[in-house]
Every structure is written in C-alpha cells, then in structure tokens.
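**Student:** Structure in structure tokens, see below.
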Number of protein chains: 2
Amino acid sequence: MSDWLTAVKWNEQGLVPAIAQDYNSGRILMVAWMNHDALQETADSGRAVYFSRSRQRLWRKGEESGNYQVVHELRLDCDADVIQLQVEQRGGIACHTGRESCFYRVFKDGDWQTVEPILKDPAEIYGG
Amino acid sequence: MSDWLTAVKWNEQGLVPAIAQDYNSGRILMVAWMNHDALQETADSGRAVYFSRSRQRLWRKGEESGNYQVVHELRLDCDADVIQLQVEQRGGIACHTGRESCFYRVFKDGDWQTVEPILKDPAEIYGG
C-alpha cells in the first residue's frame, strides 16, 4: 500500500467514513464508507468510489443511477480517520431517495422534519 | 428516550458520527461522535456536545479551549446514522491543532499536504 494510504487510520473493518460536499454550494451531500481500494480508485479515476457495507463490494457512485461524482479535492482530518471529498454531483441528486442531499431532515419542534423535495422518483432513477 | 432520539440509528457503542459545518462559510470543521445524552444536551442547550471516545464521557466542545460551537441547525441523514450540525465556531478554531478546521490536509502529488495555518498555539489554547 502507498504511504498516503497507510497514513489513513482504517477502522477494524478496514473502512473510514467519507463526506461528500458539493464543490459549488458547499452543501453536505452524503456520508459513505471507503476502504483502501475505494480511496485508491477515487484518487486515480477522479470519480467518487465508496465501499458498500450492505453489498460488501466497491460502489462506484452513479453506476446504477448515472449520478456520479466528479472529485475536485480530497482531504484528510487531523485524526486521519475521516475523508472529505469536494465533488460535482452529476444530475444534482446524491441521495437514493431522489433528493439532492441525504441530509433532508431538520430537527424542529421536537422532531425530525423533512424539508427537501424529491427531485426525481427513485423508481425512475434506478430503472425500476 | 424521546421519539426523535429513538429515530437515530445508534451503532453498537450507542454512538453516531456528527459533522460540524460552519454556518457562515460552509466549511466542514470537524467530525466527532455523539451518544443520545450528547444529542439531547445539544438540542436543549444550543451548544455542540459530543461524546469523547477516548475519555468515555460527554465532551462539551470548548469546555477547555473556550472555542464552543453555537448550533443553528441539526440535521439527520436518510439512513438516520449521521448527524449534521450547522455551527458558529467561537474563536474561529475547531481543531485541537489550533487550525480552523480539522480537514487541513489535501491530497496532492501523491500525498497528504498540510495547506492550512495554525492560528493559535495549542499549548496556549489549552492553557499548557
């Protein structure tokens, strides 16, 4: 493994959380996981690649939906256990619910309230 | 536990990651962990409270440094396992290294490069 990959503090499962932030708006779009292969491929290809814990394999964001992420910058935090990606979100939809961002619920009046519209029906996105 | 707290998918340790984003600039400042007491107190007090895994206790951000975080908004992601906080970072320093943000290393030319200045000596911040 290259030095820059060994500098990352992978957890017991060999993963680190990765935050995708919209390069233009600064919005936090999603949080997913990366293993070293995902991070290596992200750096090499310039597109966000995550590790799907449910499917236990590399997840090339947009492989099904077409909504891939062009990576402008990769950052590492002080503890070396979180990655930050500055991305251009193709299609303007990062969330599997068809919303721009996965963070569409705001805490208000004692509960989480959905404050963001569905931009596209997930059935349509995923060819259902 | 209140409904809004049970809606959160706490991990095996009873924790979720929490991302603090600067309310004004949109910069991602840090990622820490919260348990339900931390999230409850954050909502009640309007200041960011995390759970320190190393000290195994509530960590009222700024309790030592004075650099507390005024919380403007709390969000939950689609999987209900990540919290996002919009904060006003008092003192302009979120990182224990004395930098504005914990994400001060950028991947460039095959390695992580430090691109942000230390704004204040940590020894001074923590009264060393």
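The values are calculated or read from the model by the stated rules, or taken from the named source; none is laboratory data. This structure is a prediction, so every number in the text was calculated from the model and none was measured. So basically every Cβ, Gly included, is an ideal-geometry build from the backbone, and we count neighbours across all protein chains shown. SASA here: full protein model, heavy atoms, side chains in, ligands and nucleic acids out. Shrake-Rupley method; radii C 1.70, N 1.55, O 1.52, S 1.80 Å.
**Student:** Could you work out the helix-only [θ] at 222 nm for chain B, with each DSSP H run of four or more residues adding -39,500 (n - 2.57) and the total divided by the number of residues, to the nearest 500 deg cm²/dmol?
**Tutor:** Details: 3 runs with 18 residues, N = 128.
Taken over chain B, the calculation gives -3000 deg cm²/dmol.
**Student:** Follow-up. Would you mind getting the accessible area per residue of chain A, heavy atoms of the protein chains only, 1.4 Å probe, in Å²?
**Tutor:** Numbers: 6030 Å² over 128 residues.
Computed with neighbouring chains in place, this is 47 Å² per residue.
**Student:** If you don't mind, another one. For A:LYS61, go through the lysines and keep the ones whose alpha-carbon is under 29 Å away, minus same-chain ones fewer than eight residues off.
**Tutor:** A:LYS9, A:LYS120, B:LYS9, B:LYS108
**Student:** Also, I was wondering about something else. Where does the Debye-calculated log10 I(q)/I(0) of the protein assembly as shown sit at q = 0.09, 0.14 Å⁻¹, using only Cα point scatterers of equal weight, no solvent?
**Tutor:** So the normalised log intensities are -0.39, -0.98.
**Student:** At the nearest 100 Å², what buried accessible area, both sides summed, do you get for B and A when the probe is 1.4 Å?
**Tutor:** Working: alone 7570 and 7580 Å², together 12040 Å².
Chains B and A together bury roughly 3100 Å² of accessible area.
**Student:** Please report the residue of chain B with the smallest beta-carbon distance to the B-to-A rotation axis, and give that distance in Å, no decimals.
**Tutor:** Taking the axis that maps B onto A, the answer comes out as B:GLY26, 1.
**Student:** Between B:THR97 and residues 5 or more places away or on another chain, which pairs have amide H atoms under 5 Å apart, with H built 1.01 Å from N, and which residues are they?
**Tutor:** Hits under the 5 Å cutoff: none.
**Student:** OK, next. Taking the Cα-to-Cβ direction at B:ARG53 and at A:VAL70 and moving 7 Å from each Cα, how far apart do the two end points lie in nm?
**Tutor:** Here the modelled spin labels are 3.5 nm apart.
**Student:** List the residues of the stretch A:20-51 whose accessible area drops by at least 50 Å² when all protein chains are present, compared with their chain alone, using a 1.4 Å probe and counting only protein heavy atoms.
**Tutor:** A:ILE28
**Student:** So, with a 1.4 angstrom probe, what is the percent of accessible area on the protein assembly as shown that is carbon and sulfur?
**Tutor:** 44 percent
**Student:** Let me ask something else. Using θ = phi - 60° and the Karplus curve 6.51 cos²θ - 1.76 cosθ + 1.60, what whole-Hz ³J(HN,Hα) does each residue of the stretch B:63-71 get, with Gly and Pro shown as x?
**Tutor:** Coupling constants for the stretch B:63-71: 4, 9, 7, x, 7, 7, 10, 7, 8 Hz.
**Student:** Going by amide H atoms built from the backbone, whose H comes under 5 Å of the H on A:HIS72, apart from near neighbours?
**Tutor:** For A:HIS72, the qualifying residues are A:GLN86, A:VAL87, A:GLU88.
**Student:** Taking amide hydrogens as modeled 1.01 Å from N in the peptide plane, which residues meet the under 5 Å criterion relative to B:MET30, leaving out close sequence neighbours?
**Tutor:** For B:MET30, the qualifying residues are B:ALA20, B:CYS102.
**Student:** Putting +1 on Lys and Arg Cβ atoms and -1 on Asp and Glu Cβ atoms, find which of A:ALA80, A:MET30, A:ASN67 reaches farthest to the positive end of the dipole of the stretch A:3-92.
**Tutor:** A:ASN67
**Student:** Run through the stretch A:35-128 and list the chymotrypsin sites (Phe, Trp or Tyr not before Pro) located in a DSSP loop whose Cβ has at most 13 other Cβ atoms within 10 Å. Walk me through the numbers on the way to the answer.
**Tutor:** On the way: sites: A:TYR50, A:PHE51, A:TRP59, A:TYR68, A:PHE103, A:TYR104, A:PHE107, A:TRP112, A:TYR126; in loops: A:TYR68, A:PHE103, A:TYR104, A:TYR126.
Sites meeting the loop and neighbour criteria: A:TYR126.
**Student:** Same structure, new question: Rounded to the nearest 10 degrees, what's the angle between the helix A:36-45 long axis and the longest principal axis of chain A, both from Cα atoms, 0 to 90?
**Tutor:** 80 degrees
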